[in-house]
Amino acid sequence: MKPYKEMGREELLQEQKLLEAKYEEMKAKGLKLDMSRGKPAKAQLDLANGMMDVLNSDSDMKSEAGVDCRNYGVMDGIPEARRLLADMSEVPEKNILIYGNSSLNVMFDTVARAMSMGVCGHTPWAQQGKIKFLCPVPGYDRHFGITEFFGIEMINVPLLKTGPDMDIVEKLVSEDPQIKGIWCVPKYSNPTGISYSDETVRRFAHLKPAAPDFRIFWDNAYSIHHLYDEDQDVILELLTECQKAGTEDMVYKFISTSKVSFPGSGIAAMAASEANLADARKAMFYQTIGHDKLNQLRHVRFFKDMDGVREHMRKHAAILRPKFETVLDILEQELGGLEIGSWVKPKGGYFISFDSMEGCAKKIVAKAKEAGVVMTGAGATFPYGKDPEDRNIRIAPSFPTPEELAEAAKIFVLCVKLASVEKLLEQ
């Protein structure tokens, strides 16, 4: 079929009539499908069920350092858990601090601590007037939710195929001392699936912020979530690059096993310079007398080491890969050549980013919901939920069954076609 934009009005009206008939057929099925969030499917959760058996009432509950993991203490995390999370983060063990189950919680805490205590001896952010964060877009809605919660002004920065537009980032952070941070998902970015180039990582390490308490919030949520064994993205390790540049205090790295083991019962960690970790410990001293060491022990005994984690992630990929390929194949078959949308084919992560014609995303998502497919709200991938061009839609293929996913993808492309025809007819 030729591109919609090349069709005359009569052709568009005929196409609209056909599409509306198909849409009514889909609605009549009464489907209830959910592609709204990147939740692991049951088959993925089942992969880690053996973790529930590595500890029982007869088990040795001591860490390798001889600490009874049932008791208080070991605020930094048991050594073997620190080593495992350090390997996942590609940093030395001394640069790792273990937290609870969620890296999102650690990021929230880190912003809260900066607001109330300040960063490494600087004036608390809450006492510095209107402070700001840079937000590469499209990006992760929960990152933006944290900064919005604290009343921090968010500034959009375009996300290119190589990462954030570093010309803009460098200019803004060097000129404005009220800019205190930037959100980053450097590998298989949420939602676009892109990974930052070596040049982008080096430029981050060499930033010269006007604010001495500026920090890069480097969320390694998908750093080991490859879809393919051979064709994988590799990015430079930022903390190492910062150490080379003498800026090691400028970065906080976050990671967790949330989509590796159990999302509700994983281990989270922050990797940072020794000065930043010492700063974090000041608050942690009053927050807890130690996180869940039994959970840390379970993870280490189940995975054993980084090779064990990699092998486990191959099993995740075997479940996820066909789902991503199903959606991508349907997008190509149904929309390829129509020039009414574009999408990225990711090599890892949890999402497919789709860009519709300008002004169509909200309508597409609403139509899909009416036909029984719940998607992430249009605009969610931008601060304040406002996509200035109303184009970006995040597709989350992980949770539905393959059969449900194929059905949902067909409804989605039908809604894209229908909204696009309506848009062109309006023009």
In whole percent, the fraction of accessible protein surface over region 144-282 that belongs to carbon or sulfur atoms, probe radius 1.4 Å, stands at 51 percent
Ordered by number, the trypsin sites (Lys or Arg not before Pro) in region 1-41 that occupy a DSSP loop and have at most 12 other Cβ atoms within 10 Å are K29, K32
Rounded to the nearest Å, the spacing of the alpha-carbon centers of region 1-19 and region 295-309 is 56 Å
With +1 on the Cβ of every Lys and Arg and -1 on the Cβ of every Asp and Glu, the dipole magnitude of region 269-427 about its Cα centre, in debye rounded to the nearest 20, is 700 debye
By the mean-Cβ-within-10 Å protection proxy, highest first, 42-49, 227-234 rank as 42-49, 227-234
For the chain, percent of DSSP beta bridges that are antiparallel (nearest 5) comes out at 50 percent
By the mean-Cβ-within-10 Å protection proxy, highest first, 334-340, 347-353, 357-363 rank as 347-353, 357-363, 334-340
Contour minus Cα-Cα span, K42 to Q14, at 0.36 nm per residue, comes to 5.8 nm
Hull surface over four for the Cα convex hull of region 68-192, reported in nm², is 9.4 nm²
Taking protein heavy atoms only, a 1.4 Å probe, and rounding to whole percent, the accessible area of region 1-95 owed to carbon and sulfur comes out at 50 percent
Region 359-380 and region 106-124 have their Cα centres apart by a whole-number Å value of 37 Å
Helix-only [θ] at 222 nm, the chain, -39500 (n - 2.57) per DSSP H run of 4+, per residue, nearest 500, equals -13000 deg cm²/dmol
For L19, the net charge from surrounding residues (Cβ-Cβ under 12 Å; K, R +1; D, E -1) works out to -2
For region 331-393, inverting the pair-averaged 1/r of distinct alpha-carbon atoms gives a Kirkwood value in Å of 12.4 Å
In Å², rounded to a whole number, the accessible area per residue of region 160-234 with probe 1.4 Å is 37 Å²
Lys and Arg at +1, Asp and Glu at -1: neighbours of E93 with Cβ under 15 Å from its Cβ sum to -4
Regression test value, accessible area per residue of region 252-366, probe 1.4 Å, units Å², expected 39 Å²
Once Lys and Arg are counted +1 and Asp and Glu -1 for all other residues with Cβ under 15 Å from that of I146, the total becomes 0
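The values are calculated or read from the model by the stated rules, or taken from the named source; none is laboratory data. These numbers come from a predicted model, not from an experiment. Positions of Cβ are generated from backbone atoms using ideal geometry, with glycine treated the same way; all protein chains shown enter the neighbour counts. When the accessible area is computed, the model is the full protein with side chains, heavy atoms only, and any ligands, DNA or RNA have been set aside. Shrake-Rupley method; radii C 1.70, N 1.55, O 1.52, S 1.80 Å.
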